[in-house]
Each structure stands twice: as C-alpha cells, then as structure tokens.
Amino acid sequence: MLTSTSKLLQVAQRNTYAVGAFNIYNLEGIKAVINAAEAENGPAMLQVHPSSLGYGGSPLIALCLAAASSAAVPVAVQLDHCSDADEIRSALDAGIQSVLADGSHSPIAENLAFTTEMTTLAHSQNAGVEAEVGRISGTEDGLAVAEKEAKMTDPDQARDFVKQAQVDALAVTIGNVHGKYQGEPKLDFDRLSSIRKAVDIPLVLHGASGLPAQMIQQSIQLGVCKFNVNTELRQAYLDFWRTDFPSRTKADVLDCMEATTEAMQAVVAEKLRLFGSTGKASLYEASAETVPTT
Ligand code: 13P
C-alpha cells in the first residue's frame, strides 16, 4: 500500500515507535525491504539516494512506487539527501512522495532559502519534505563529510527553521554519523530532548547502522520516528558477493538475486523489530485523511 511519508511518520510519532527508511539500489533491495515489512506486518520506507538515482533514473523510482503500491503493508518512497533543485523537481515529477531537501552544506540562511523553495514546490505536488539543520559527518555513496565540517543541530535554530520553511520532518545531528562508527557511538540525548521541546514535527535520525538497541530506544522516547539505514544493508549485499559467491560455483543469476535479497531482508527485519514498527500496519487502515492514535 503506497502511503505518504507524512502519514507514516505522524502515526509513528503519535504511537511512539519509528519507521525504518532503507536505502535501496536495485530490485533485490526493494524486495528485501518489502518482504521484511510484510513478514513483520509493519510500515517501512524505500529511500533512493541521488547516486543510485543517477544510475537507475526514473525507472528506479517507478519500480519503488510499483512495489510499494502492491505491498500488503504501508510503504513510502523518499529521495534521500538531495541538494540539487532540478533533481528534486525530476523526482517529484516521477511521482516520489517526499524528499530530503538537503541544504546542510550551506550557511543556515541559504539552507533555509533552498529548503523553503523546495517545500513550496513539493507541497504543491502533495509531496513532503525532510530538512536537515546541522550537518552529519561520515561517508555515504562516495560523498564524504569530514568531522570538522559536521555541526550539531542547534535547538533554537531548528525551531525557527521549521517554522519558516514549513517542512514536514527534521533530520537532526546529535553525534550520529553516516557509515561505520569509529568506536562506541556517542549521542547527545540532552540536545535531542531540547530539539524535541523546540520542534513538534517528526524527528529523523540518520546513521542508524551500528547504533546499539538502547540508543535506538532512547531516541524513540525522545521523539525520533524515522531511522535511516544504508551501510548495514550494503554490507549484507557485498558480503554475499565477497564471501559466499566465490564458493557457490553452480549459482545462477536468480540464485544470487535470491541470496542477496535474503541477506538484506534479515537486516531489515531486525531493524523493524528494533524500531518497534513490527505489527503496526493495522494503525494505518483508517482513511488517508485521518491519523489514528492508540
Ligand atoms: P548509515 O550509514 O548508518 O546506514 O545511515 C544511512 C543514512 O543515514 C542515509 O541517509
């Protein structure tokens, strides 16, 4: 059931759990997310990063939308970290339901101007916008942000930004990083708590690969209702090719597609349980206009 990102997140926010948003690159990734979400009877999101969109183009978005529409559980499709207005326009024209309009590399005034323009555009097409205030470090799909360029989200700045840009969700930087954590992750929960008090829209935590269960739970209690996961899925996919495939001399193309799907599906299922979204599909059965609470 193709469902809007806003609805997915609003229901999660009201019921204190989080939706997993998983970066996908191909049919195997899409099937892994939807199979796991159906098996767990919970919602999930398919996310397309501009680098995989550069490879797959609008057919990749069409594939995500078709797979989400035929899923037995609520699934939304979002464009991840995009700082290019033309790419956002094309993705919206291709039917994507929400975008992360990412101006976090620019000074705050430019980030605000860019995000506000993208929000006006997206809302005119009934799509939603996630914004990023602060800047997350780490590496994702070849894009690296050094630690010294990273910036924690300032709660007061976040409040003003959300009010002015009228975005639908806010990605926060509280010590989370893209890619692998060097040592124990350290999240600034006092900061998250202040952001929650300043901002009432759904909060998003990027860099959820490698976060321990206790930090996930604490983040949810403090208002995070969307976690982004990419690295652990890519790792599961690559592990198959690097470790299993060389010994599977009789494996044909479909065998490999099934094996990589299953490997990624196991990761997604574990995350959905961790995020508390298992069994929550029935909360979305009310009409598109009403947002149920329990
Ligand atoms: P990870 O690198 O932790 O999987 O995070 C992915 C992400 O935040 C995508 O936007």
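Couple of notes before you dig in:
- Selection from the range 88-115 of residues that are in contact with a helix residue (DSSP H, G or I) (Cβ under 6 Å, 6 or more places away or on another chain), farther than 21 Å from residue 205 by Cα and of a type outside the set (A, V, I, L, M): 95
- Residue 77 fulfils the conditions (1) away from the ligand (no atom under 13 Å from the Cβ); (2) surrounded by fewer than 21 Cβ atoms within 10 Å (Cβ to Cβ); (3) not hydroxyl-bearing (Ser, Thr, Tyr) except for a single criterion, (2).
- Residue in the range 87-99 that is of a type in the set (Asp, Glu) and under 21 Å from residue 274 (Cα atoms) present: no
This table checks each residue for (1) open to solvent by less than 60 Å² (accessible area, probe 1.4 Å); (2) at pLDDT 95 or above; (3) within 16 Å of the ligand (Cβ to nearest atom).
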{"site": "200", "(1), (2), (3)": "no, yes, no"}
{"site": "239", "(1), (2), (3)": "no, yes, yes"}
{"site": "252", "(1), (2), (3)": "no, yes, no"}
{"site": "281", "(1), (2), (3)": "yes, yes, no"}
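- Any chance residue 96 is under 22 Å from residue 3 (Cβ atoms) and assigned to a helix (DSSP H, G or I): no
- Out of 175, 183, 179, one residue alone is at pLDDT below 95, at positive phi, open to solvent by 10 Å² or more (accessible area, probe 1.4 Å) and more than 13 Å from the ligand (Cβ to nearest atom). It is 183.
- Once the range 16-50 is narrowed to residues that are among the polar types (S, T, N, Q) and closer than 24 Å to residue 253 by Cα, the residue that is farthest from the ligand (Cβ to nearest atom) is 35.
- Residue match in the range 218-229 (condition: more than 13 Å from the ligand (Cβ to nearest atom), in a helix (DSSP H, G or I), among the aliphatic types (A, V, I, L, M) and under 26 Å from residue 80 (Cβ atoms)): yes
- Some residue of the range 260-276 being within 16 Å of the ligand (Cβ to nearest atom), touching a residue at least 12 places away in the same chain (Cβ under 8 Å), over 22 Å from residue 24 (Cβ atoms) and not in a loop (DSSP other than H, G, I, E, B): no
- For the range 202-212, filtering for residues that are more than 13 Å from the ligand (Cβ to nearest atom) and touching a helix residue (DSSP H, G or I) at 6+ places or on another chain (Cβ under 6 Å) leaves 1.
The values are calculated or read from the model by the stated rules, or taken from the named source; none is laboratory data. For clarity, every value in this text was computed on a predicted model and none was experimentally measured. Cβ: placed from backbone, ideal geometry, glycine included. Neighbour counts: every protein chain shown. These accessible areas exclude ligands, DNA and RNA; they are computed on the full protein's heavy atoms, side chains included. Shrake-Rupley method; radii C 1.70, N 1.55, O 1.52, S 1.80 Å.
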